[in-house]
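Only one structure is covered here, and it is reproduced in the block below.
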Amino acid sequence: MSKRPHITETTRKNLMDAFWKLYLTKPVEKISVREITDIAGYNRGTFYLYFKDVYDVLEQIENDVLEVVEREAKRYAGVFCNESAEVDISAATSAAVDIFECCDYKPFILLSDRGDHRFEKAIKEKMHKHIEAKVNRNTNADETTKEYIIHFMVSGILGIIKKWYSDGMVIPMEEHLAAVCNVLLGPRNMINKQLNKKD
């Protein structure tokens with residue numbers, strides 16, 4: 001007799017939640033199946049109905065988070081470039097933070113120094129796809145230059161988010177973004193001023 005779907009999903013979620021509680025305090029290689037089942041209130045046999053091992057639990061959590069990230073990203077489809085075709089790093093970074101918060105902050109942990117490199121690669125690929133669409137639509141640069149632009153944006157956005165998380169998220173992200181954008185836009189503004197003087 002097959003299990004009822006909602007019971008099956010509840011059991012899976014309980015086991016994943018138990019794993020996550022442990023993962024918040026120690027790396028995956030230090031987590032045992034026994035610890036997970038003790039916290040979740042199941043036996044080892046139940047665990048193996050849903051997962052191959054602890055690494056499989058982590059992978060399934062990552063996959064679930066990536067699905068949410070992809071779904072939420074569609075709501076921010078227009079933030080990466082504005083109408084004047086300028087890349088808006090501030091808006092894109094704020095959108096990424098909002099999306100990560102929708103995932104119960106799991107991406108912040110998974111992107112930290114003790115996280116999984118596979119997850120970071122997958123996040124970068126998803127970000128690349130969304131940013132590429134905007135860059136292609138808003139710039140006339142050659143393909144190689146576009147790739148550099150996209151790489152800069154993806155690395156920059158993830159870099160500041162990871163740094164912000166590792167510093168304890170004490171200072172509001174908006175303050176960091178204002179400082180970063182001021183530095184990035186400063187040289188361009190100075191060039192514009194010089195050009196205006198020549199006119």
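Quick one: which of 13/162; 13/52; 121/146 span more than 24 angstrom between C-alpha atoms? Write out the running numbers ahead of the final one.
Numbers: 13/162 27 Å; 13/52 15 Å; 121/146 19 Å.
The pairs that break the limit, which is 24 Å between Cα atoms, are 13/162.
Just the accessible area for residue 10, please: 1.4 Å probe, Å², rounded to the nearest 10?
Accessible surface of residue 10 is approximately 70 Å².
Setting aside same-chain residues fewer than 8 positions from residue 26, which aspartates and glutamates have a Cα under 20 Å from its Cα?
17, 35, 38, 53, 56, 59, 62, 104, 113, 116, 120, 167
Give the aspartates and glutamates whose C-alpha is closer than 13 Å to that of residue 126, dropping any in the same chain fewer than 8 places away, or say none.
Counting by Cα, and skipping residues close in sequence, residue 126 has these aspartates and glutamates nearby: 67, 70, 72.
Mind ranking 42, 148 by accessible surface for me, highest first, 1.4 Å probe?
Working: 42 65, 148 160 Å².
Final ranking, largest accessible area leading: 148, 42.
When the distances between all Cα atoms of region 87-155 are binned every 10 Å from zero, what whole-number percent does each bin get?
Binned Cα distances yield the sequence 19, 48, 26, 7.
The values are calculated or read from the model by the stated rules, or taken from the named source; none is laboratory data. As the structure is a computational prediction, the values presented were derived from the model and not from experiment. All accessible areas refer to the heavy atoms of the entire protein, side chains included, with ligands and DNA or RNA removed. Shrake-Rupley method; radii C 1.70, N 1.55, O 1.52, S 1.80 Å.
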